[in-house]
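The values are calculated or read from the model by the stated rules, or taken from the named source; none is laboratory data. Since we're looking at a predicted model, the values are computed, not measured. Positions of Cβ are generated from backbone atoms using ideal geometry, with glycine treated the same way; all protein chains shown enter the neighbour counts. Protein only, heavy atoms only, side chains kept; ligands, DNA and RNA dropped before computing areas. Shrake-Rupley method; radii C 1.70, N 1.55, O 1.52, S 1.80 Å.
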Amino acid sequence: MDSAQLRSHYLEFFANHGHRIVPSSPVIPHGDPTLLFTNAGMNQFKEVLLGREIRDYKRATSVQKCIRAGGKHNDLDEVGKDGRHLTCFEMLGNWSFGDYYKKEAICWAWEFVTQVLQLDRDRLYAATYKDDEESRQIWRDLVGLEPHRIASFGDVARGDEENFWSMGPTGPCGPCTEIYYDHHPEHGPFQWKAGGFDEERVLELWNLVFMEFDRDEQGQLSPLPMKSVDTGMGLERTVAVLEQVDNVFFTDVFEPIILETAHLLGESDTDPQRLFRHPQFTAFAVIADHLRALCFSLADGGMFSNEGRGYVLRRILRRAVRFGRMLGFTEPFLCRISKVVSRQFGDVYPEVGATAKEIAEMIRIEEERFFRTIDRGIARFAEVASTTRAANQTAIDGREAFKLYDTYGFPLDLTQIMAEEQGLAVDTAAFNAALAEQQERARHHDTRYADSGDWIAIHEGVADRSLAWLSTRYTTRILRLRENEQSGTWEILLAETPFYAEAGGQVGDTGFIRHGGDQFRFEVTDTIHTPAGITHLARLTAGVPTLEHLRDPVIAEVDAERRALTTSNHTATHLLHAALHEIVSPQAFQAGSLVNPERMRFDYSFHRPLTPQEIHQIEEHVNDNIRKGIDLVIHQDIPRTQAESMGAIAIFGEKYGDRVRVVQVPGVSIELCGGCHVRNTSDIMCFRITSETGVAAGVRRIEAVTNRAAFARAREDQRLLEELTALLKTDQPNLANRAAKLLEEQQTLLRRNQQLAQKLAEFNSQHIIAAQARRLGEVTVAAARVEAASREELLFFIDALRPKLVGPATALVGALVEGKPALACLASEELVRRFGLKAGDLINLVAPIIGGRGGGRPTLAQAGGSRPELLDQAIEAFVGKVGELLGQAKADGR
């Protein structure tokens, strides 16, 4: 039984016992500040378990995406060290909300594992909480489990929460009973240990929690309004048991991801069994686990950032990149493998498939950032580790670890892993002290930054005075600067600056900083906020910045044309936001944006795609307000309470102080905003939407262009129309009719082609029966290579063969479809009934030969592969493989 079958059987079993099948909730929790990530199936039922919410069902079942990478439940550091722990996993669960309780929960669990999964009962054990005599009695008297196979653990009063489960530090909790599976009965009778068990031998399979209490912030337990059941079975662990392996990474859940990783590394032999013995298999495992966690999180609206869950996602990605670097990757690779994850899980979790391109792009951008510094960081770590050992010390200086974090982007836990590999620890206390010092400096806008010794101090002052809203050119003074000798770039702090530093979705300004007497000139390539203040990233393009000349006034000049195009796009986002509220929904709030000179990107919360009519109406609404030529009103530095009373909209995820800036388009829009804008809406000139897509569950994205780019887009559209009219030999007014007529003709030809393919399959099937069919005892077996342009045409042969094969019979046909090998297999109903041989079992006798795996219904299965040169070998092997299987079935008495 593979992972797909397990999901299906589990949901079907509990649906047959009166449970409502509930979809997985997002791994990014909404409305629950106590959780970084959804870490259990019960998270979405928390309010129900607390008695605060009533649903129209009392029994539920689901397969829930979970991530345990922070807080009370954090398995991030354990991944790859054994075959059990995962950052990201799927939890099979069933719940009772004040309905059934311990008896049904335990008996149904036993029925499922012994009858549906058909696990050997002699390899199953159970554990309960120390005071839970009721559960022990059910295991002993109703299930029939021998007393020596039942153990009791835990003592909450003494701080031992073994067999007492809670979602987090507060919330629903209660005693639990667990089912364990013995991986190695050949080692002799299993013995419980005091306080636990041997995890290398025994695997926790299923946890049944009996929710009785609500824990408050003081740790007090209060009875819940109703007693409920919350169970969780790890899908990956269970698949490992079913596939008879003792490592979750050896299962079909991770195999495609690991194979693709090996393929990108140029491994010529990608046999899974060989890869599982790879000396660096831990790296493959970490990459597979971490990448799945990233894809699931990003599909549900997660974002990379420097705090909270966004930083956890960044840590996960950088850990995976470091392990990839160990394998030999020198450029972004996770973004390429992510497409395999999206394909594999897109049917189970549609949002993962629907946002595949967006996920790959977000990962690519984040990978590129880290790959720019990882090799220098690794080299710096090697120096630090060598110095530590030379000094006969066992722990790396925490301040050096902080430098790796601050300068090279190495999270602390990544440095700890690298240190552990060399038998060293890290002084985390010193690291935390250095981090706290930097945060304090940032809070006071201290210009010493993280490495104060690198800065050249020119003048005293604080680099936080922006004049970006007032001017694009200003004469000022350099406060401090420093050069990165490796990259040749400079960081410059000015007393006052007309440059806008990247914030609120608007990119940073570019331009020039030059000496008043032309003694030197810097080209500013970006402007950002750092703990040191507003920082200008620049290249020296002329002259020599001597200390004497650096003390002189400088002229800071923004690229005014680039700024104008950026402000055009920024103001357009405000007009777009207002149009969405007017036309689509007042709840369509901004969820993120990007504003640069070329285009604008606007993410907003909404549950469905926009219709073409809505897109047209939004575009018209924005352009109407552009044509009206409305003067913008800027309310500078006003109390936040005043802004709220004006009805100003705050943007989700942005942080605001007590005094704010409000940008108002009178009669249209009013928002809190610190960015740069046009003086009059007519400066935008034109607005055109270029795309509307989904980026995560409940989040949509509009991309658009304005001003010069909008007119360029119109010219490009006109050129394309002219090409199409010439190609289709018509004029623009009749273009749509002409295209529709050609499509209709194409469909007619396709139908005729399909009819011919069916007739050809019918004709050739006679030859297959006459020339290829073999009798193996009572069973007829046929296998042949055929010509088929699509999988659908391949199935025509199955349809033609089925009525010609009488009695117990099977047939396999194969073809190259678009250059890739494809197989289809039929099994007669009599073969399934009498011999228990299903089409999926039969096709998988030869599918591995072409590098694939098959599945389908009992009487019909299909498989694809990646080894077209072995297609004939797979077809030729089919008859012999079926013969071996029939021989085994006969030996088993079937």
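Odds and ends about this structure:
- Which numbered condition ARG343 fails, given (1) touching a strand residue (DSSP E or B) at 6+ places or on another chain (Cβ under 7 Å); (2) more than 15 Å from GLU367 (Cβ to Cβ): (1)
- Residue in the range 37-47 that is outside any strand (DSSP E or B) and farther than 23 Å from LYS227 by Cβ present: yes
- Tabulated pairs, the range 751-767, first over 17 Å from ALA782 (Cβ atoms), second part of a helix (DSSP H, G or I) and open to solvent by 80 Å² or more (accessible area, probe 1.4 Å), C-beta under 8 angstrom, 6+ apart or interchain: GLN754/GLU792; GLN758/ASP799
- ARG514 vs. criteria surrounded by 18 or more Cβ atoms within 10 Å (Cβ to Cβ), free of Cβ contacts under 8 Å to residues at least 40 places away in the same chain and assigned to a strand (DSSP E or B): no
- Hits in the range 468-492 (condition: acidic (Asp, Glu) and either at pLDDT 90 or above or open to solvent by less than 80 Å² (accessible area, probe 1.4 Å) (or both)): GLU491
- Only one entry in THR128, THR114 is without any contact (Cβ under 8 Å) to a residue 60 or more places away in the chain, out of contact with any Pro (no Cβ under 8 Å at 6 or more places or on another chain) and on the phi < 0 side of the Ramachandran plot, namely THR114.
- Residue check, ALA556 in contact with a Pro (Cβ under 7 Å, 6 or more places away or on another chain), open to solvent by less than 70 Å² (accessible area, probe 1.4 Å), of a type in the set (Gly, Ala, Ser) and at pLDDT 95 or above: yes
- Within the range 293-331, the set of residues being more than 23 Å from ALA503 (Cα to Cα) and not in a helix (DSSP H, G or I) comprises ASP300, GLY328, PHE329, THR330, GLU331.
- Residues located in the range 559-597, provided they are touching a Pro at 6+ places or on another chain (Cβ under 6 Å) and of a type in the set (Phe, Trp, Tyr): none
- Pick from the range 206-221, criterion out of contact with any Ser or Thr (no Cβ under 6 Å at 6 or more places or on another chain), assigned to a strand (DSSP E or B) and not acidic (Asp, Glu), ranking: surrounded by the most Cβ atoms within 10 Å (Cβ to Cβ): VAL209
- The lone exception for GLN888 - which of (1) under 18 Å from LEU776 (Cβ atoms); (2) open to solvent by less than 50 Å² (accessible area, probe 1.4 Å); (3) assigned to a helix (DSSP H, G or I) it fails: (2)
- Those helices (runs of 4 or more DSSP H) lying entirely in the range 332-436 with at least 1 residues modelled with pLDDT under 90 and either open to solvent by less than 70 Å² (accessible area, probe 1.4 Å) or within 30 Å of SER3 (Cα to Cα) (or both): 350-354, 356-371, 374-390, 398-408, 412-421
- A search for C-beta distances below 7 Å between a residue of the range 175-193 that is in a loop (DSSP other than H, G, I, E, B) and any residue that is open to solvent by 30 Å² or more (accessible area, probe 1.4 Å), counting only pairs 6+ apart in sequence or on different chains, returns HIS183/ASP246.
- Those residues of the range 246-283 which are aliphatic (A, V, I, L, M) and without any contact (Cβ under 8 Å) to a residue 40 or more places away in the chain, in sequence order: ILE258, LEU259, ALA262, LEU275
- Looking across the range 738-753, the residues that are open to solvent by 70 Å² or more (accessible area, probe 1.4 Å) and closer than 26 Å to THR690 by Cβ come down to ARG738, LEU743.
- ASP82 being part of a helix (DSSP H, G or I) and modelled with pLDDT under 90: no
- In the range 637-644 there is no residue that is of a type in the set (Ser, Thr, Tyr), in a loop (DSSP other than H, G, I, E, B) and open to solvent by 30 Å² or more (accessible area, probe 1.4 Å).
- In the range 12-31, residue nearest to MET303 (Cα to Cα) [restricted to those that are of a type in the set (A, V, I, L, M, F, W, C) and without any contact (Cβ under 8 Å) to a residue 60 or more places away in the chain]: VAL22
- Flag for GLU104 being modelled with pLDDT of 85 or more, surrounded by fewer than 18 Cβ atoms within 10 Å (Cβ to Cβ) and not in a loop (DSSP other than H, G, I, E, B): yes
- Any chance PHE499 is in contact with a Gly (Cβ under 6 Å, 6 or more places away or on another chain) and open to solvent by less than 40 Å² (accessible area, probe 1.4 Å): no
- Among the residues making up the range 224-236, a single one is modelled with pLDDT of 90 or more and open to solvent by 50 Å² or more (accessible area, probe 1.4 Å): LYS227.
- Number of the condition not met by ASP131 [criteria: (1) open to solvent by 10 Å² or more (accessible area, probe 1.4 Å); (2) within 36 Å of the chain's Cα centre (by Cα)]: (2)
- Any hit, the range 13-35, residues being open to solvent by 10 Å² or more (accessible area, probe 1.4 Å), modelled with pLDDT of 95 or more, in a helix (DSSP H, G or I) and more than 22 Å from ARG215 (Cβ to Cβ): yes
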